[in-house]
Amino acid sequence: MMQKLEAEGIWWQPLTIYHDETQFLVRDDPHDIERAEAIALEAFSKAAEEFEVMITDGDVKHGLNWADTH
């Protein structure tokens, strides 16, 4: 996911990587937000394949603070 964000020129900053949750900051640009959300969703299925585990689903939220994303 991180390499893909960088490959698409999306500035990002990791905030939290904990258990089954990742939070990162992107510019307040609608295109960057939309692409970052799509890349993050894609990462769920790729992780399941790579680690040969069942991941039922994931979701993506964006907001201005931690509370908005939970």
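The values are calculated or read from the model by the stated rules, or taken from the named source; none is laboratory data. In this text the structure is predicted, and so the values were computed from the model without any measurement. Here the Cβ positions follow ideal geometry from the backbone for every residue, glycine too, while neighbour counts run over all protein chains shown. Accessible surface areas use protein heavy atoms only, side chains included; no ligands, DNA or RNA. Shrake-Rupley method; radii C 1.70, N 1.55, O 1.52, S 1.80 Å.
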Since residue 55 meets every condition but one in (1) over 19 Å from residue 70 (Cα atoms); (2) at pLDDT below 90; (3) under 12 Å from the mean Cα position of the chain (by Cα), which condition does it not meet? (3)
Can you report the number of residues in the stretch 7-16 which are surrounded by fewer than 11 Cβ atoms within 10 Å (Cβ to Cβ) and either not small (Gly, Ala, Ser) or not in a helix (DSSP H, G or I) (or both)? 3
Which pairs have Cβ atoms under 6 Å, sit 6 or more apart or on different chains, and link a residue in the stretch 23-45 that is within 13 Å of residue 13 (Cα to Cα) and part of a loop (DSSP other than H, G, I, E, B) to one that is open to solvent by 60 Å² or more (accessible area, probe 1.4 Å) and of a type outside the set (Asp, Glu)? 27/11
Could you check, for the stretch 22-43, whether at least one of its residues is modelled with pLDDT under 90, over 14 Å from residue 59 (Cβ atoms) and exposed (fewer than 15 other Cβ atoms within 10 Å of the Cβ)? no
Of the conditions (1) under 23 Å from residue 67 (Cβ atoms); (2) among the basic types (Lys, Arg); (3) within 12 Å of the chain's Cα centre (by Cα), residue 27 fails just one. Which one is it? (3)
Would you please list the contacts, defined by Cβ atoms under 7 Å and residues six or more apart or on different chains, that run from a residue in the stretch 47-70 that is under 14 Å from residue 1 (Cβ atoms) to a residue that is outside any helix (DSSP H, G or I)? 47/55; 48/54; 48/55
